[in-house]
Amino acid sequence: MNTSSIHLMLLVLLLAVVTLFCILVGAAAGLLARIDGATYTTALLRGALAFAGSATLSLALLTFVLTAL
């Protein structure tokens, strides 16, 4: 394999890990909001906000690391 295909494969794997991490963060935030007594709608919105925030931070960090290499 040449170097570019290895970099592409590494990028795809990192994106998959970031996606799974963000899904877990969003689910945990929604569950904690629901346990705290929030309605289903509010818990879903809090989970979505946590997912979006963690995705933004993770992708910014991934972009920074890939640019530094």
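The values are calculated or read from the model by the stated rules, or taken from the named source; none is laboratory data. Everything numeric here is computed off the predicted structure, so don't read it as measured data. Ligands, DNA and RNA are stripped out before the accessible areas are found, and what is left, the full protein with its side chains, is counted by its heavy atoms. Shrake-Rupley method; radii C 1.70, N 1.55, O 1.52, S 1.80 Å.
Some notes on this structure:
- Options GLY37, GLY47; residue that is at positive phi and open to solvent by less than 100 Å² (accessible area, probe 1.4 Å): GLY37
- Positions within the stretch 50-69 being open to solvent by 90 Å² or more (accessible area, probe 1.4 Å) and hydrophobic (A, V, I, L, M, F, W, C), in sequence order: LEU57, LEU61, PHE64, LEU69
- Residue tally, condition part of a helix (DSSP H, G or I), modelled with pLDDT under 95 and more than 18 Å from the chain's Cα centre (by Cα), over the stretch 1-55: 7
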